1. Answer yes if at least one residue in segment 157-174 is at pLDDT below 95, among the polar types (S, T, N, Q) and open to solvent by 10 Å² or more (accessible area, probe 1.4 Å), and no otherwise.
2. Within segment 170-199, how many residues are more than 21 Å from R115 (Cα to Cα) and not basic (K, R)?
3. List the pairs whose first member sits in segment 53-78 and is over 30 Å from L259 (Cβ atoms), whose second member is more than 7 Å from ligand 1 (Cβ to nearest atom) and in a loop (DSSP other than H, G, I, E, B), and whose Cβ atoms are under 7 Å apart, counting only residues at least 6 apart or on separate chains?
4. Name the one entry in A89, A60 that is within 30 Å of N204 (Cβ to Cβ) and open to solvent by less than 60 Å² (accessible area, probe 1.4 Å).
5. In the set T353, T382, T366, which member is under 23 Å from V243 (Cβ atoms), of a type in the set (V, I, T) and within 13 Å of ligand 1 (Cβ to nearest atom)?
6. Based on this model, can you work out whether Y92 counts as aromatic (F, W, Y) and either away from ligand 2 (no atom under 13 Å from the Cβ) or in a loop (DSSP other than H, G, I, E, B) (or both)?
7. Taking W364 as meeting all but one of (1) within 16 Å of the chain's Cα centre (by Cα); (2) more than 15 Å from E408 (Cβ to Cβ), write down the number of the exception.
8. Only one of D288, D299 is over 21 Å from the mean Cα position of the chain (by Cα) and either within 9 Å of ligand 1 (Cβ to nearest atom) or not small (G, A, S) (or both); which?
Amino acid sequence: MKFSLRTLFTQGLAGQSGWPEQWRSPEPRAAYDVIIVGGGGHGLATAYYLAAELGVRNVAVLEKGWLGGGNTGRNTTIIRSNYLWDESAAIYDHAVKLWEGLAQELNYNVMYSPRGVMMLAHTIHDQQVFKRHVHANRLNGIDNEWLTPEQAQAFCPPLNIGKNVRYPITGAALQRRGGTARHDAVAWGYARGASTRGVDIIQNCEVTGIERNVAGAVTGVTTTRGRIGAQKVGVVAAGHTSVLMAMAGVRMPLESFPLQALVSEPVKPVFPCVVMSNTIHAYISQSDKGELVIGAGTDAYTSYSQTGALHIAEHTLDAICEMFPMFRRMRMLRNWGGIVDVTPDRSPIIGHTPVPGLFVNCGWGTGGFKATPGSGHVFAHTIAHDRPHPIAAPFTLERFTTGRLIDEAAAAAVAH
Ligand code: FAD
Ligand code: PYC
């Protein structure tokens, strides 16, 4: 029987006797130990921690567009860990602790600014929900405090606490350690850190298929730039996870929605913190460039369009003008949308899949930017050790069959 070198390389020598064991692999040789699909913050952070903490450096990050061009570069950068359930509090506060030292860790200024995140209550029900969060957070050692409307206004002077509005403010929950960071710096900081440790970062490289062997295990991916072999593949492609996982025959409990944001013309520093109102679908902060950064709610329909419906943005601006009348004459500079993937319980999915060697990190919905360092950190450990990091363990896909859901709908910033 004849073998060309090419056949040897791509098909191996399965079933041939007389050949050394290592030549008898039925698999094409794996080029990488790990391929990460998606060059957003979470994917790049995963690659960074694989290389920096776990010594796994034969890694490639494949990105269909440019680094940080997905939701990482499109979000309003709100960081907080005031989630209700213990499992969520653990993972989001793990992230906040990493944010606190991230600029030093990466030697890259990610402009983390813990200026305080205030969540407004407008109804008795809001008050009850937020007070429950305050107590639950404190039991987990996470800062969160209840403010009267007057205290809320003292913390954020532009806030209108008058009674003569559609949704008067009845109080607020304040997490002082919450804040913002510079989104593209986060992507670039992790990318540089990973790259200097040997990770290959390949842009303009869309994954079009996930290859499996006869036993069903992952052997690599096909891309718009050719086939690339790998022993393990981690999918971290917010908004597009279902499409990618379908390539490996895995159906995900996810829906994708557009979520939009906009910025105003730049003005001098006027807004000292982050304010969010879930009830009237608006959140606002001021960037270091001076723009007011304003976010809206998700569209009502699933879609892969990277714009949001106009009436959603109008509704948000109505709310902003009511809460902060001094901004009524501001002009808006630009708006955009991203695609977020949302799970039934509004908590992420992190971990292994039914396909050996295939891992997934998704479902962060409207709130994954704040999780970037923590998500990458626990996902890297999960991939490297082939078992969930203890903080990630409650977030595996199995919860949708066992019923152990982690319902954070009320802690999500944005109504979906
Ligand atoms: P992304 O940055 O989207 O990265 C995924 C990457 O995968 C993309 O770059 C994409 O191009 C790539 N990809 C997709 N398919 C393929 C393929 N086939 N092959 C190769 N690459 C592929 N979260 C907060 O915590 N706070 C906020 O204030 C906040 N505000 C938001 C406001 C808006 C308007 C939006 C849209 C989101 C907001 N979020 C917020 C959510 C947050 O942005 C996301 O949860 C987070 O950025 C997800 O990061 P990621 O790295 O997983 O995804
Ligand atoms: O999760 O805090 C958040 C958030 C704010 C805006 C969008 N998501």
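1. Checked segment 157-174: at least one residue is at pLDDT below 95, among the polar types (S, T, N, Q) and open to solvent by 10 Å² or more (accessible area, probe 1.4 Å).
2. Restricting attention to segment 170-199, the residues satisfying the condition of being more than 21 Å from R115 (Cα to Cα) are 170, 187-199.
Subsequent filtering for residues that are not basic (K, R) retains 170, 187-191, 193-196, 198-199.
Qualifying residue count, segment 170-199: 12.
3. If the second residue must be more than 7 Å from ligand 1 (Cβ to nearest atom) and in a loop (DSSP other than H, G, I, E, B), the pairs left are R57/R197; R57/G198; R57/V199.
4. Details: A89 fails: within 30 Å of N204 (Cβ to Cβ).
Just one listed residue meets the conditions, A60.
5. Working: T353 fails: within 13 Å of ligand 1 (Cβ to nearest atom); T382 fails: within 13 Å of ligand 1 (Cβ to nearest atom).
Criteria check complete, one pass: T366.
6. Working: aromatic (F, W, Y): yes; either away from ligand 2 (no atom under 13 Å from the Cβ) or in a loop (DSSP other than H, G, I, E, B) (or both): no.
No; evaluated as a whole, the condition is false for this residue.
7. (2)
8. Criteria check complete, one pass: D288.
The values are calculated or read from the model by the stated rules, or taken from the named source; none is laboratory data. All of these numbers come straight from a predicted model, not from anything done at the bench. Every residue, glycine among them, receives a Cβ derived from its backbone with ideal geometry; neighbour counts consider all protein chains shown. Side chains are part of the model used for accessible areas, which takes the heavy atoms of the whole protein and leaves out ligands, DNA and RNA. Shrake-Rupley method; radii C 1.70, N 1.55, O 1.52, S 1.80 Å.
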